[in-house]
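The values are calculated or read from the model by the stated rules, or taken from the named source; none is laboratory data. Small disclaimer: the values here were computed from a predicted structure and weren't measured. Note that each Cβ is placed from the backbone with ideal geometry, even for glycine, and that neighbours are counted across all protein chains shown. Heavy atoms of the whole protein, side chains included, go into the accessibility calculation; ligands, DNA and RNA do not. Shrake-Rupley method; radii C 1.70, N 1.55, O 1.52, S 1.80 Å.
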Amino acid sequence: MKKYLVIGNPIKHSLSPELHNYWIKQNHIDAIYEKKELNHNELENLILNIKKENMHGANITVPFKNAIIPHIDELSEDARKTQSVNTIYLQNKKVVGHNTDIEGFERAIKEINFDFSGKKIFILGAGGVVPSIIYASIKMKAAEIFVSNRTKGKADDIKKNFEDIKLIDWGEVPNFDVIINATSLGLNQDDKINLNFTNIGNNKLFYDVIYNPSETNFLNIGKKLGNKYENGKLMFIYQAYSAFKLWHGIEPKINNETIKLLDR
Ligand code: ATR
């Protein structure tokens, strides 16, 4: 039986096992997908286990998407550009790190028929997923990308990798077409993002990377102001879809039942 794992810290809220095991069963694959909380000093051992084929693949989540890189033999172009790895596998005896968050975000945006080309994208946050959102936005031909983070130093670090982005002081709101919440504000139902949206107009897209709760206060504000809004559920499903396809060579089905697996 092949073994797959999602690692992070904390990890207990991850719904990746639900999705992957559902698809594993649906496709009659002899495999199991589990979650495990790791510490930094255990990353090397994880990679060794993949090399020895005790394990056949892993998903990496917060806070290890960047920290795992020194332990990996080869990076895909997407992982290299974002310095972020969320999917690992063995190829020709080498441990390869890839980033499927980018495809996940791109496909989620395509699915809602929103066109990023020529648009101004305003990203809130500078955590693990932000480089992937920036890179996906560049691929989708966004005109301008703004990033704002409470701790400015972290946004400065991202700019070292993506020179063309513009940094916005936390609390300021530039003119935008799309606003993306990539902070953890909203994970608790009462969380509020203190930004003033009174003068933004409508016909914008409010996108929240958070999918549980399915409608954060942030999305609720966008909705009330007459904008399009979308949570991170499809992005999450599509990043898992791409990892599944890489590991098993099968395109898993996405339907209402798959989507329901994430309603917690
Ligand atoms: P990590 O930073 O470890 O990668 P993350 O969940 O990917 O974790 O990112 C959390 C993001 O939410 C960060 O951008 C964080 O801002 P800081 O860099 O200033 O910590 C943001 N965040 C969390 N709580 C916040 C709050 N109360 N107000 C504003 N931003 C917040």
#### Entry: Under-5 Å amide H pairs with MET55, H placed in peptide plane, nonlocal only
ILE50
### Message
Rolling a 1.4 angstrom probe over the protein chains, ignoring ligands and nucleic acids, what is the accessible area of ASP78 in square angstrom, nearest 10?
### Response
20
### Query
Helix-derived [θ] at 222 nm for the chain: sum -39500 (n - 2.57) over DSSP H runs of at least 4, divide by residue count, nearest 500?
-9500 deg cm²/dmol
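If you restrict to DSSP beta bridges whose two residues both lie in the chain, what percentage is antiparallel, to the nearest 5?
Numbers: 7 of 38 bridges.
If we restrict to bridges inside the chain, about 20 percent are antiparallel.
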### Task
Quote to one decimal, in nm, the extra length available between MET1 and ASN194 on full extension: 0.36 nm per residue of separation minus the C-alpha distance between them.
64.6 nm
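What is the gain in length, in nm to one decimal, between LEU167 and LYS245 on full extension, counting 0.36 nm per residue of separation less the C-alpha to C-alpha distance? Please list the in-between numbers first.
Numbers: separation 78, 0.36 × 78 = 28.08 nm, distance 3.57 nm.
Extra length available between LEU167 and LYS245 comes to 24.5 nm.
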### Query
Using the alpha-carbon centroid of each, what span in Å lies between region 66-107 and region 199-218?
28
### Task
Take every Cα-Cα distance within region 1-119, group them into 5 Å bins from 0 onward, and report for each bin the whole-number percent of pairs it holds.
2, 11, 20, 21, 21, 14, 7, 4, 2, 0
### Summary
In nanometres, the difference between 0.36 nm per residue of separation and the alpha-carbon distance of ARG150 and GLU53 is 30.7 nm
### Task
Describe numerically, in nm with one decimal, the distance between label points set 7 Å from Cα along Cα→Cβ at GLU215 and at LYS159.
3.7
## Note on the structure
Binned at 5 Å from zero, the C-alpha pair distances of the chain give percents of 1, 6, 13, 17, 19, 17, 12, 8, 4, 2, 0, 0
### Task
Would you tell me the accessible area of ARG80, worked out with a 1.4 angstrom probe on the heavy atoms of the protein chains, in Å² to the nearest 10?
120
### Summary
With the charge dipole of the chain built from beta-carbon charges (+1 for Lys and Arg, -1 for Asp and Glu) about the Cα centre, the Cα from ILE221, GLN239, ILE200 projecting farthest to the positive end belongs to GLN239
#### Entry: Zero-based 10 Å bins, Cα pair distances in region 102-231, whole percents
13, 49, 36, 3
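Would you work out if region 126-194 is rounded, prolate or oblate? Take a ≥ b ≥ c from the square roots of the eigenvalues of the alpha-carbon gyration tensor; rounded if a/c is under 1.5, else prolate when a/b is larger than b/c, oblate otherwise.
Cα axes put region 126-194 in the prolate bin.
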### Query
Roughly how many nanometres apart are two label points built 7 Å out from the Cα toward the Cβ at GLU257 and GLN26?
0.7
